[in-house]
Amino acid sequence: IIAQYQPSIGHYAGNPFIEALPPILETSEIIKVLRGKVNFNIADQSLPASQRIHLIPQLLTHYFHPIERHIELWTKFSILLREGYIGRNISNGDLNKHIQNGYARTMTGEITAYKYQPARSTAQSMSVIGCSGIGKTTTINNILSVYPQVIYHEKYNFTQIVYLKIDCPHDGSLKSLCLHFFRAVDIALDTNYEAKYALKRHGIETLLNLMRQIANFHAIGLLIIDEIQHLNVKNSGGADKMLNFFVTLVNVISLPVIMVGTPKARPIFESDLRAGRRSAGFGSVLWEPIKNERNFTSSERVFKSEWNAFTDALWRYQWLKKADLVLTDEIRDCLYNLSQGILDITVKLFVLAQINAITSGLERITIKLLQKTYDEELKPIHPMVDALRSKDPQKIIQF
(Lines give C-alpha, C1' and ligand atoms only; values in the text may rest on other atoms or scores of the structure.)
Protein backbone atom coordinates (compact mmCIF):
# COMPACT_ATOMS: atom_id res chain seq x y z
CA ILE A 1 0.00 0.00 0.00
CA ILE A 2 0.99 3.68 -0.29
CA ALA A 3 1.96 5.08 3.10
CA GLN A 4 -0.60 7.25 4.84
CA TYR A 5 0.64 8.70 8.10
CA GLN A 6 -1.27 9.11 11.35
CA PRO A 7 0.24 10.99 14.32
CA SER A 8 1.61 8.60 16.92
CA ILE A 9 2.38 8.78 20.65
CA GLY A 10 5.48 9.35 22.75
CA HIS A 11 8.73 8.02 21.33
CA TYR A 12 6.85 6.61 18.32
CA ALA A 13 6.08 10.15 17.09
CA GLY A 14 7.90 11.37 14.00
CA ASN A 15 8.84 7.90 12.74
CA PRO A 16 7.32 7.29 9.28
CA PHE A 17 7.71 3.52 9.59
CA ILE A 18 5.54 3.52 12.72
CA GLU A 19 3.08 6.23 11.70
CA ALA A 20 2.22 4.33 8.49
CA LEU A 21 1.10 1.28 10.49
CA PRO A 22 -2.53 0.57 11.44
CA PRO A 23 -3.59 2.31 14.68
CA ILE A 24 -3.12 0.76 18.12
CA LEU A 25 -6.37 -1.01 19.05
CA GLU A 26 -8.29 -1.31 22.30
CA THR A 27 -8.98 -4.78 23.72
CA SER A 28 -12.57 -4.81 22.50
CA GLU A 29 -11.38 -3.95 18.98
CA ILE A 30 -8.71 -6.67 19.10
CA ILE A 31 -11.33 -9.28 20.00
CA LYS A 32 -13.55 -8.12 17.15
CA VAL A 33 -10.72 -8.28 14.62
CA LEU A 34 -9.40 -11.67 15.74
CA ARG A 35 -12.77 -13.40 15.98
CA GLY A 36 -13.40 -15.81 13.11
CA LYS A 37 -16.22 -15.14 10.66
CA VAL A 38 -18.47 -18.21 10.46
CA ASN A 39 -21.34 -18.06 7.96
CA PHE A 40 -24.17 -19.32 10.19
CA ASN A 41 -27.93 -18.84 9.96
CA ILE A 42 -30.32 -20.62 12.33
CA ALA A 43 -32.67 -21.21 9.38
CA ASP A 44 -30.00 -23.43 7.80
CA GLN A 45 -30.86 -26.11 10.36
CA SER A 46 -33.91 -26.88 8.19
CA LEU A 47 -31.90 -27.48 5.02
CA PRO A 48 -31.59 -31.00 3.58
CA ALA A 49 -28.98 -33.18 5.27
CA SER A 50 -26.78 -33.27 2.17
CA GLN A 51 -26.48 -29.47 2.21
CA ARG A 52 -25.99 -29.08 5.96
CA ILE A 53 -23.06 -31.51 5.90
CA HIS A 54 -21.29 -29.10 3.53
CA LEU A 55 -21.79 -26.14 5.88
CA ILE A 56 -20.27 -27.74 8.99
CA PRO A 57 -16.57 -28.06 7.91
CA GLN A 58 -16.21 -24.26 7.61
CA LEU A 59 -15.62 -24.32 11.37
CA LEU A 60 -12.23 -25.96 10.74
CA THR A 61 -10.92 -22.89 8.92
CA HIS A 62 -13.12 -20.01 10.07
CA TYR A 63 -13.95 -20.61 13.73
CA PHE A 64 -11.64 -18.65 16.03
CA HIS A 65 -12.68 -17.46 19.48
CA PRO A 66 -10.12 -15.06 21.01
CA ILE A 67 -9.12 -15.79 24.60
CA GLU A 68 -6.71 -14.02 26.92
CA ARG A 69 -3.54 -15.57 25.51
CA HIS A 70 -4.44 -14.44 21.96
CA ILE A 71 -5.00 -10.85 23.08
CA GLU A 72 -1.72 -10.90 25.00
CA LEU A 73 0.15 -12.07 21.88
CA TRP A 74 -1.49 -9.34 19.77
CA THR A 75 -0.36 -6.68 22.26
CA LYS A 76 3.20 -7.97 22.43
CA PHE A 77 3.37 -8.23 18.63
CA SER A 78 2.25 -4.59 18.34
CA ILE A 79 4.88 -3.42 20.84
CA LEU A 80 7.74 -5.50 19.37
CA LEU A 81 7.04 -4.18 15.87
CA ARG A 82 6.97 -0.52 16.87
CA GLU A 83 9.87 -0.66 19.34
CA GLY A 84 12.11 -2.22 16.70
CA TYR A 85 11.61 0.77 14.41
CA ILE A 86 12.64 3.38 17.00
CA GLY A 87 16.33 2.86 16.23
CA ARG A 88 15.71 2.70 12.46
CA ASN A 89 13.98 6.00 11.75
CA ILE A 90 14.25 6.91 8.06
CA SER A 91 13.52 10.60 8.69
CA ASN A 92 16.54 11.30 10.93
CA GLY A 93 19.24 9.21 9.25
CA ASP A 94 19.23 6.30 11.73
CA LEU A 95 18.24 3.79 9.04
CA ASN A 96 20.99 5.01 6.71
CA LYS A 97 23.54 4.40 9.46
CA HIS A 98 22.27 0.86 9.84
CA ILE A 99 22.54 0.30 6.07
CA GLN A 100 26.08 1.74 5.92
CA ASN A 101 27.17 -0.37 8.89
CA GLY A 102 25.64 -3.41 7.21
CA TYR A 103 27.61 -2.67 4.06
CA ALA A 104 30.81 -2.50 6.09
CA ARG A 105 30.00 -5.87 7.68
CA THR A 106 29.29 -7.40 4.26
CA MET A 107 32.56 -6.13 2.83
CA THR A 108 34.75 -7.17 5.75
CA GLY A 109 32.87 -10.28 6.84
CA GLU A 110 33.14 -9.08 10.43
CA ILE A 111 29.91 -8.84 12.41
CA THR A 112 31.48 -6.17 14.66
CA ALA A 113 32.49 -3.89 11.76
CA TYR A 114 30.77 -0.52 11.41
CA LYS A 115 31.20 2.77 9.55
CA TYR A 116 29.12 4.88 11.92
CA GLN A 117 28.90 4.47 15.67
CA PRO A 118 26.12 1.88 15.97
CA ALA A 119 22.96 3.00 17.71
CA ARG A 120 21.70 1.01 20.67
CA SER A 121 19.31 -1.67 19.46
CA THR A 122 15.69 -1.08 20.47
CA ALA A 123 14.60 -4.51 19.23
CA GLN A 124 13.44 -7.36 21.43
CA SER A 125 12.73 -11.01 20.79
CA MET A 126 10.12 -13.41 22.03
CA SER A 127 9.49 -17.12 21.88
CA VAL A 128 6.05 -18.71 21.72
CA ILE A 129 6.16 -22.36 22.75
CA GLY A 130 3.15 -24.64 22.78
CA CYS A 131 2.01 -28.07 21.69
CA SER A 132 0.67 -28.60 18.18
CA GLY A 133 -2.98 -27.62 17.73
CA ILE A 134 -3.07 -25.03 20.49
CA GLY A 135 -3.48 -22.13 18.03
CA LYS A 136 -0.02 -20.52 17.81
CA THR A 137 0.27 -20.27 14.03
CA THR A 138 -3.43 -19.47 13.55
CA THR A 139 -3.24 -16.59 16.02
CA ILE A 140 -0.13 -15.14 14.38
CA ASN A 141 -1.65 -15.44 10.90
CA ASN A 142 -4.80 -13.66 12.12
CA ILE A 143 -2.66 -10.86 13.57
CA LEU A 144 -0.62 -10.54 10.37
CA SER A 145 -3.78 -10.30 8.27
CA VAL A 146 -4.48 -6.90 9.85
CA TYR A 147 -1.10 -5.43 8.89
CA PRO A 148 -0.08 -4.62 5.31
CA GLN A 149 3.08 -6.58 4.54
CA VAL A 150 4.60 -3.95 2.25
CA ILE A 151 4.30 -0.14 2.50
CA TYR A 152 5.73 2.26 -0.08
CA HIS A 153 6.84 5.66 1.26
CA GLU A 154 6.63 8.09 -1.68
CA LYS A 155 8.32 10.92 0.22
CA TYR A 156 11.44 8.81 0.80
CA ASN A 157 11.15 6.56 -2.28
CA PHE A 158 11.47 3.63 0.10
CA THR A 159 9.72 0.26 0.32
CA GLN A 160 9.17 -1.02 3.86
CA ILE A 161 8.51 -4.68 4.67
CA VAL A 162 6.40 -4.67 7.83
CA TYR A 163 6.80 -8.36 8.61
CA LEU A 164 8.31 -11.51 7.21
CA LYS A 165 7.13 -14.97 8.26
CA ILE A 166 9.15 -18.04 7.37
CA ASP A 167 8.92 -21.68 8.36
CA CYS A 168 12.04 -23.29 9.71
CA PRO A 169 13.29 -25.82 7.12
CA HIS A 170 12.86 -29.51 7.87
CA ASP A 171 16.58 -30.20 7.51
CA GLY A 172 17.16 -27.71 10.33
CA SER A 173 20.18 -25.96 8.80
CA LEU A 174 20.94 -22.25 8.97
CA LYS A 175 21.75 -22.22 5.25
CA SER A 176 18.27 -23.51 4.40
CA LEU A 177 16.83 -20.92 6.78
CA CYS A 178 18.62 -18.21 4.78
CA LEU A 179 17.17 -19.61 1.54
CA HIS A 180 13.67 -19.46 3.02
CA PHE A 181 14.34 -15.86 4.04
CA PHE A 182 15.42 -14.77 0.55
CA ARG A 183 12.44 -16.57 -0.99
CA ALA A 184 10.01 -14.85 1.38
CA VAL A 185 11.45 -11.43 0.49
CA ASP A 186 11.15 -12.25 -3.23
CA ILE A 187 7.48 -13.20 -2.78
CA ALA A 188 6.76 -9.98 -0.90
CA LEU A 189 8.60 -7.63 -3.30
CA ASP A 190 8.87 -9.58 -6.57
CA THR A 191 12.67 -9.38 -6.36
CA ASN A 192 15.26 -12.02 -7.26
CA TYR A 193 17.40 -12.31 -4.12
CA GLU A 194 17.14 -16.10 -4.04
CA ALA A 195 18.58 -16.46 -7.54
CA LYS A 196 21.10 -13.68 -6.97
CA TYR A 197 22.50 -14.87 -3.65
CA ALA A 198 21.01 -18.06 -2.27
CA LEU A 199 21.57 -20.29 -5.30
CA LYS A 200 25.22 -19.26 -5.65
CA ARG A 201 28.07 -21.03 -3.90
CA HIS A 202 28.17 -18.63 -0.98
CA GLY A 203 29.25 -19.80 2.44
CA ILE A 204 26.96 -19.61 5.41
CA GLU A 205 28.71 -16.52 6.84
CA THR A 206 28.24 -14.61 3.56
CA LEU A 207 24.57 -15.63 3.40
CA LEU A 208 24.00 -14.50 6.98
CA ASN A 209 25.60 -11.12 6.28
CA LEU A 210 23.49 -10.70 3.12
CA MET A 211 20.38 -11.65 5.05
CA ARG A 212 21.16 -9.04 7.69
CA GLN A 213 21.81 -6.39 5.05
CA ILE A 214 18.54 -7.11 3.20
CA ALA A 215 16.70 -6.86 6.52
CA ASN A 216 18.18 -3.37 6.87
CA PHE A 217 17.72 -2.34 3.26
CA HIS A 218 13.98 -3.02 3.35
CA ALA A 219 13.48 -2.05 7.01
CA ILE A 220 11.86 -5.37 7.90
CA GLY A 221 9.80 -4.65 10.99
CA LEU A 222 9.47 -8.12 12.44
CA LEU A 223 10.74 -11.58 11.57
CA ILE A 224 8.59 -14.56 12.60
CA ILE A 225 10.27 -17.97 12.44
CA ASP A 226 7.69 -20.75 12.77
CA GLU A 227 8.35 -24.43 13.52
CA ILE A 228 11.58 -23.45 15.28
CA GLN A 229 11.83 -26.98 16.74
CA HIS A 230 13.12 -28.10 13.33
CA LEU A 231 16.36 -26.21 13.89
CA ASN A 232 19.04 -28.82 14.21
CA VAL A 233 22.04 -27.81 16.30
CA LYS A 234 24.32 -30.18 14.43
CA ASN A 235 23.18 -29.14 10.94
CA SER A 236 23.43 -25.47 11.93
CA GLY A 237 27.14 -25.72 12.65
CA GLY A 238 26.94 -25.97 16.41
CA ALA A 239 24.82 -24.50 19.15
CA ASP A 240 26.93 -21.36 19.61
CA LYS A 241 26.77 -20.42 15.93
CA MET A 242 23.04 -20.98 15.72
CA LEU A 243 22.22 -19.06 18.89
CA ASN A 244 24.61 -16.21 18.05
CA PHE A 245 22.81 -15.79 14.73
CA PHE A 246 19.51 -15.03 16.48
CA VAL A 247 21.20 -12.77 19.01
CA THR A 248 22.93 -10.67 16.33
CA LEU A 249 19.69 -10.22 14.38
CA VAL A 250 18.20 -8.55 17.44
CA ASN A 251 21.25 -6.81 18.91
CA VAL A 252 23.10 -5.65 15.77
CA ILE A 253 20.43 -5.31 13.08
CA SER A 254 17.74 -4.13 15.50
CA LEU A 255 15.34 -6.62 13.95
CA PRO A 256 12.73 -8.01 16.38
CA VAL A 257 12.32 -11.78 16.14
CA ILE A 258 9.43 -14.00 17.24
CA MET A 259 10.32 -17.70 17.41
CA VAL A 260 7.37 -20.10 17.37
CA GLY A 261 7.57 -23.80 18.05
CA THR A 262 6.61 -26.85 20.05
CA PRO A 263 8.15 -27.76 23.43
CA LYS A 264 10.86 -29.64 21.51
CA ALA A 265 12.39 -26.20 20.82
CA ARG A 266 12.95 -25.37 24.49
CA PRO A 267 16.39 -27.06 24.76
CA ILE A 268 17.66 -24.82 21.93
CA PHE A 269 17.23 -21.75 24.13
CA GLU A 270 17.67 -23.20 27.60
CA SER A 271 21.13 -24.63 26.91
CA ASP A 272 22.74 -21.20 26.98
CA LEU A 273 22.12 -18.31 29.39
CA ARG A 274 22.58 -15.58 26.78
CA ALA A 275 20.31 -17.29 24.27
CA GLY A 276 17.75 -18.05 26.95
CA ARG A 277 17.74 -14.44 28.06
CA ARG A 278 17.43 -13.26 24.47
CA SER A 279 14.61 -15.67 23.57
CA ALA A 280 12.77 -14.37 26.63
CA GLY A 281 13.68 -10.74 25.93
CA PHE A 282 10.04 -9.74 25.79
CA GLY A 283 8.65 -12.79 27.46
CA SER A 284 8.86 -16.47 26.67
CA VAL A 285 5.24 -17.45 26.21
CA LEU A 286 4.40 -21.07 27.04
CA TRP A 287 0.98 -22.02 25.75
CA GLU A 288 -0.26 -25.08 27.56
CA PRO A 289 -3.60 -26.73 26.77
CA ILE A 290 -6.58 -24.86 28.23
CA LYS A 291 -7.59 -26.07 31.67
CA ASN A 292 -11.11 -27.31 32.35
CA GLU A 293 -12.05 -24.67 34.91
CA ARG A 294 -15.50 -23.57 35.96
CA ASN A 295 -16.77 -20.01 35.84
CA PHE A 296 -16.01 -17.92 38.89
CA THR A 297 -17.66 -14.91 40.51
CA SER A 298 -15.85 -11.79 41.72
CA SER A 299 -17.57 -8.68 43.13
CA GLU A 300 -20.95 -9.97 41.96
CA ARG A 301 -19.70 -10.34 38.40
CA VAL A 302 -19.44 -13.71 36.68
CA PHE A 303 -16.22 -14.39 34.78
CA LYS A 304 -16.17 -17.20 32.24
CA SER A 305 -13.22 -19.55 32.28
CA GLU A 306 -11.33 -19.80 28.98
CA TRP A 307 -12.58 -23.33 28.38
CA ASN A 308 -16.21 -22.38 29.07
CA ALA A 309 -15.97 -19.28 26.87
CA PHE A 310 -14.40 -21.24 24.00
CA THR A 311 -16.87 -24.13 24.10
CA ASP A 312 -19.93 -21.92 24.64
CA ALA A 313 -19.04 -19.95 21.52
CA LEU A 314 -18.39 -23.14 19.54
CA TRP A 315 -21.65 -24.76 20.68
CA ARG A 316 -23.69 -22.05 18.97
CA TYR A 317 -22.65 -23.29 15.54
CA GLN A 318 -24.87 -26.35 15.12
CA TRP A 319 -26.60 -27.29 11.90
CA LEU A 320 -28.68 -30.02 13.58
CA LYS A 321 -32.48 -30.21 13.61
CA LYS A 322 -32.60 -31.22 17.29
CA ALA A 323 -29.68 -29.07 18.46
CA ASP A 324 -29.61 -28.41 22.20
CA LEU A 325 -29.47 -24.70 22.93
CA VAL A 326 -27.51 -25.05 26.18
CA LEU A 327 -24.18 -26.83 26.51
CA THR A 328 -24.37 -28.99 29.62
CA ASP A 329 -21.42 -29.50 31.96
CA GLU A 330 -21.53 -33.23 31.20
CA ILE A 331 -20.97 -32.72 27.46
CA ARG A 332 -18.44 -29.96 28.15
CA ASP A 333 -16.47 -32.32 30.39
CA CYS A 334 -16.68 -35.04 27.74
CA LEU A 335 -15.28 -32.67 25.11
CA TYR A 336 -12.42 -31.83 27.45
CA ASN A 337 -11.68 -35.44 28.31
CA LEU A 338 -11.44 -36.34 24.62
CA SER A 339 -9.41 -33.28 23.57
CA GLN A 340 -7.48 -32.45 26.76
CA GLY A 341 -7.89 -28.75 26.02
CA ILE A 342 -6.22 -28.85 22.58
CA LEU A 343 -8.33 -26.37 20.64
CA ASP A 344 -7.77 -27.89 17.20
CA ILE A 345 -8.86 -31.34 18.42
CA THR A 346 -11.93 -29.85 20.11
CA VAL A 347 -13.12 -28.20 16.89
CA LYS A 348 -12.39 -31.29 14.76
CA LEU A 349 -14.30 -33.52 17.19
CA PHE A 350 -17.24 -31.10 17.22
CA VAL A 351 -17.34 -30.99 13.40
CA LEU A 352 -17.10 -34.76 12.94
CA ALA A 353 -19.72 -35.39 15.62
CA GLN A 354 -22.19 -33.08 13.87
CA ILE A 355 -21.67 -34.84 10.54
CA ASN A 356 -22.19 -38.21 12.24
CA ALA A 357 -25.31 -36.87 13.99
CA ILE A 358 -26.79 -36.00 10.59
CA THR A 359 -25.81 -39.16 8.75
CA SER A 360 -27.09 -41.38 11.59
CA GLY A 361 -30.38 -39.47 11.89
CA LEU A 362 -29.71 -38.66 15.56
CA GLU A 363 -29.64 -34.90 14.80
CA ARG A 364 -28.15 -33.94 18.18
CA ILE A 365 -24.82 -34.23 19.97
CA THR A 366 -24.61 -36.65 22.88
CA ILE A 367 -21.78 -37.98 25.05
CA LYS A 368 -22.14 -41.40 23.43
CA LEU A 369 -21.84 -39.85 19.95
CA LEU A 370 -18.75 -37.83 20.90
CA GLN A 371 -17.05 -40.93 22.33
CA LYS A 372 -17.92 -43.02 19.27
CA THR A 373 -16.63 -40.28 16.93
CA TYR A 374 -13.39 -40.00 18.88
CA ASP A 375 -12.86 -43.77 19.00
CA GLU A 376 -13.48 -44.34 15.30
CA GLU A 377 -12.28 -41.18 13.51
CA LEU A 378 -9.48 -39.71 15.62
CA LYS A 379 -7.41 -42.84 16.23
CA PRO A 380 -4.06 -41.29 15.12
CA ILE A 381 -4.10 -38.84 18.04
CA HIS A 382 -5.11 -41.31 20.76
CA PRO A 383 -1.52 -41.90 22.03
CA MET A 384 -0.91 -38.14 22.37
CA VAL A 385 -4.22 -37.44 24.11
CA ASP A 386 -3.71 -40.44 26.41
CA ALA A 387 -0.29 -39.07 27.36
CA LEU A 388 -1.78 -35.66 28.21
CA ARG A 389 -4.58 -37.32 30.15
CA SER A 390 -2.08 -39.33 32.20
CA LYS A 391 -0.31 -36.14 33.41
CA ASP A 392 2.88 -38.22 33.31
CA PRO A 393 5.82 -36.03 32.11
CA GLN A 394 7.70 -39.09 30.79
CA LYS A 395 4.78 -40.06 28.56
CA ILE A 396 4.08 -36.49 27.45
CA ILE A 397 7.71 -35.82 26.51
CA GLN A 398 7.57 -38.61 23.90
CA PHE A 399 5.35 -36.41 21.79
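Rounded to the nearest whole Å², what accessible area per residue is found for the stretch 1-93 with the 1.4 Å probe? Intermediate values should be presented prior to the final figure.
On the way: 4830 Å² over 93 residues.
Spelled out: the 1.4 Å probe surface of the stretch 1-93, per residue, equals 52 Å².
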Mind checking the stretch 16-77 for trypsin sites (Lys or Arg not before Pro) that DSSP puts in a loop (not H, G, I, E or B) and that have at most 13 other Cβ atoms within 10 Å?
K37
In whole percent, the fraction of accessible protein surface over the stretch 1-77 that belongs to carbon or sulfur atoms, probe radius 1.4 Å, stands at 57 percent
Amide H partners (placed H, <5 Å) of I224, local residues excluded:
L164, K165, I166, I258
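Hey, any idea what % of the stretch 316-395's accessible area is carbon plus sulfur with a 1.4 Å probe? Please report the intermediate quantities before stating the final value.
Values: 2270 of 3990 Å².
Roughly 57 percent of what the probe reaches on the stretch 316-395 is carbon or sulfur.
The values are calculated or read from the model by the stated rules, or taken from the named source; none is laboratory data. Just so it is clear, the model here is predicted, and its values are computed rather than measured. Cβ: placed from backbone, ideal geometry, glycine included. Neighbour counts: every protein chain shown. The area values use the complete protein model at the heavy-atom level, side chains included, leaving out ligands, DNA and RNA. Shrake-Rupley method; radii C 1.70, N 1.55, O 1.52, S 1.80 Å.
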